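K.L.:
Before we start, here is the structure in question, set down as structure tokens.
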Amino acid sequence: MRAEGWFAQERLAPGPDVPAEPYRSPATPLGVAHPRPELAAPPPPPPPASGPGRNPDPGTALPDPGTALSAPDFASRFPGSPPPRPPLVGPLDAFLRHPFMTLIPLVLAVGAAVAIGLARLPTYTAEARVNVGRINVPAFTLQGVIQGNTTLAASYSRAIGAPAVINPASRVAHISQQEATARLSASPIPDATLIRIDATGHTAARAIVLANAASRALIDYVAVLNRTSGATKLLARYRRADVVATVALRRLDRANLIYAHHKTHRAANAVVQATADYDKAHLFATQLAGVYSASLSEAPGNNLLQLETPALNASSDSGSVLATLILIGGVAGLLVGLVLSLLRANRRLLTAARQ
């Protein structure tokens, strides 16, 4: 029986709450017992100091790990321990927690954008088209003429801001020259011999009148420019011919004077030659004078520009501007609402960061 009790005691491992049985050898009497150090239980460790995760009061139950405690509750339950840092709330969670705080700025911004778009005066745009070049050209030169007219369209479109175009257009539209300059624009149509003239106004009628007036003023200006350019060249040629005729007349006078003092055959031939030179130079100068006068009175029907399509109606920008304002207001209101909801959802984190 002793041996069985001894072996049974050897098989049982001492626990932290079970004291080790005294060791009895077969030679030891029953009344004498010696403890066995290697089988004795170690003494229990000292209780830990208060800190995070420690329960200083054994009578107080620990909270559920899934339950978040406020800073005052945490301080009352765990004195001396720093409160836990609140988690950061994202935009989606902030919107789900505070949807009205996000939607109210959005609705207000969109409403303000609609009010501004409906209150503003719309701007109307009218368009007129001017053709560059003539159509009565030989067929074998058509391709080259079209390319040249396309280049001319790009050049003539830049003349829309010339005073000779702005002044007549502003008088017809009954606006100032500065306002007409700001409301008029012209651009060549790609791969075409057309010039597009755009005019804006607060009413459709004003835009149409300004576009048509600018088109006619541009046509007249180019016609005068072409006539003036040709007339200038003719005038220069006439002046050179007149100088030649004047020199020939002086030579004729000198030859007559020599022949009056010396009645020789040589002097007579000089008079005949000087007379022929003067008559030729005088005739050429007279012809150039007539051509120059005719160029100044040339009819405008030979102009390179013709009104292809006059402005008949105008389009309003109220719809496009209203859509743009709504988009800008919606984006701005949504951003403001998300910022406010994020600040509201993360107020504990912000308070902890300030502390």
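The values are calculated or read from the model by the stated rules, or taken from the named source; none is laboratory data. Everything numeric in this text was worked out from a predicted model, so none of it was measured. In this analysis, Cβ positions are derived from the backbone assuming ideal geometry, glycine residues included, and neighbour counts consider all displayed protein chains. To get the accessible areas, we keep the full protein, side chains included, count just its heavy atoms, and leave off ligands, DNA and RNA. Shrake-Rupley method; radii C 1.70, N 1.55, O 1.52, S 1.80 Å.
K.L.:
Applying 1/(1 + (r/R0)^6) with R0 = 22 Å to the Cβ-Cβ distance of residue 85 and residue 339, what FRET efficiency is obtained, to the nearest 0.05?
P.N.:
Efficiency computed from Cβ-Cβ geometry: 0.50.
K.L.:
Excluding residue 89 itself, what net charge comes from residues whose Cβ is under 11 Å from its Cβ, given Lys and Arg +1 and Asp and Glu -1?
P.N.:
Numbers: positive: 97, 344, 347, 348; negative: 93.
Result for the neighbourhood of residue 89: +3.
K.L.:
Using a simple spin-label model with points 7 Å from Cα along the Cα→Cβ vector, what separation in nm is obtained for residue 320 and residue 155?
P.N.:
Going from the residue 320 label point to the residue 155 one covers 3.2 nm.
K.L.:
While we're here: Which value in nm describes the separation of the simple spin-label points at residue 202 and residue 243, placed 7 Å from the Cα toward the beta carbon?
P.N.:
It is 5.8 nm.
K.L.:
Which value, in Å² rounded to 10, gives the accessible area of residue 176 with a 1.4 Å probe and all protein chains present?
P.N.:
Here the residue's solvent-accessible area equals roughly 60 Å².
K.L.:
If you don't mind, there's one more thing I want to ask. Can you pull the accessible area of residue 224 for me, 1.4 Å probe, Å² to the nearest 10?
P.N.:
Surface open to solvent at residue 224 totals about 70 Å².
K.L.:
Right, something else. Can you tell me which of 269-277, 191-199 comes out highest on packing, and rank the rest after it, using the mean Cβ neighbours within 10 Å?
P.N.:
So the peptides 269-277, 191-199, ranked by packing, come out 191-199, 269-277.
K.L.:
Something else now. Name all residues of segment 183-222 having a backbone nitrogen under 13 Å from the label point set 7 Å from the Cα of residue 176 along its Cα→Cβ direction, giving them as ranges.
P.N.:
Once the point is set 7 Å along Cα→Cβ of residue 176, 183 turn out to lie under 13 Å by backbone N, inside segment 183-222.
K.L.:
Which value, in Å² rounded to 10, gives the accessible area of residue 146 with a 1.4 Å probe and all protein chains present?
P.N.:
Solvent-accessible area, nearest 10 Å²: 70 Å².
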